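Taking it in order: structure first as structure tokens, then the write-up.
The values are calculated or read from the model by the stated rules, or taken from the named source; none is laboratory data. Fair warning: this is a prediction, and the values are worked out from it, not measured in the lab. Note: ideal-geometry Cβ built from the backbone for every residue, glycine included; neighbour counts use all protein chains shown.
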Amino acid sequence: MSRRSRRAAPGPGATRPTVTVCRGCCCGTPKVPGLDHTAQLRELRQALDGTATVRVTDCLDVCERANTIVVQPSAEGRRHGGRPVWLGLVNDPEATTCITAWVKEGGPGLTDPPGILDLYTFSPSRRVRAELHDE
């Protein structure tokens, strides 16, 4: 079981998309070599400032897919059928750039993600998905 911090997550009525960045036991650590983890988080925060909420969590319990990022839709995106998109193995600066471009265009429910993100998308277990929403 993870020891994630329990902070208030934006509710389903969040006006902006939410980008959750895992920085637990495997994500954001030297276990994923060759990536400047601090720069990745800084890029997300700078590029999405005013567009999306970027938050960090301790562990999303999908360590085999480090680094993991979850893009949750805005309220409008959810009304249009958008659901959280889980992206794993986001260990390439170009992938981070594709994520920020997609979120700036509206994110889940409002715009289709760039095709390259299909390589990173996965479906976590129901237990893991539920824990993200309990935060």
Worksheet item: Residue check: is residue 49 farther than 19 Å from residue 117 by Cα, under 16 Å from the mean Cα position of the chain (by Cα) and modelled with pLDDT of 90 or more?
Response: yes
Fill in: Tally, over the range 99-135, of residues that are small (Gly, Ala, Ser) and assigned to a loop (DSSP other than H, G, I, E, B)
5
Item to complete: Filter the range 46-81 down to residues that are aliphatic (A, V, I, L, M) and assigned to a loop (DSSP other than H, G, I, E, B) and give me whichever is surrounded by the fewest Cβ atoms within 10 Å (Cβ to Cβ).
Response: 62
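State whether one or more residues within the range 35-42 are farther than 21 Å from residue 125 by Cβ, surrounded by 21 or more Cβ atoms within 10 Å (Cβ to Cβ) and not small (Gly, Ala, Ser). It would help to see each step written out before you state the result.
Going through the range 35-42, the residues farther than 21 Å from residue 125 by Cβ turn out to be 35-42.
With surrounded by 21 or more Cβ atoms within 10 Å (Cβ to Cβ) added as a condition, the list becomes 40.
From the residues that got through so far, the ones that are not small (Gly, Ala, Ser) too are 40.
Yes, the range 35-42 contains at least one residue that is farther than 21 Å from residue 125 by Cβ, surrounded by 21 or more Cβ atoms within 10 Å (Cβ to Cβ) and not small (Gly, Ala, Ser).
Kindly evaluate residue 96 against the criterion of being surrounded by 13 or more Cβ atoms within 10 Å (Cβ to Cβ), at pLDDT 90 or above, outside any loop (DSSP other than H, G, I, E, B) and of a type in the set (Ser, Thr, Tyr).
Working: surrounded by 13 or more Cβ atoms within 10 Å (Cβ to Cβ): yes; at pLDDT 90 or above: yes; outside any loop (DSSP other than H, G, I, E, B): yes; of a type in the set (Ser, Thr, Tyr): yes.
In short, yes.
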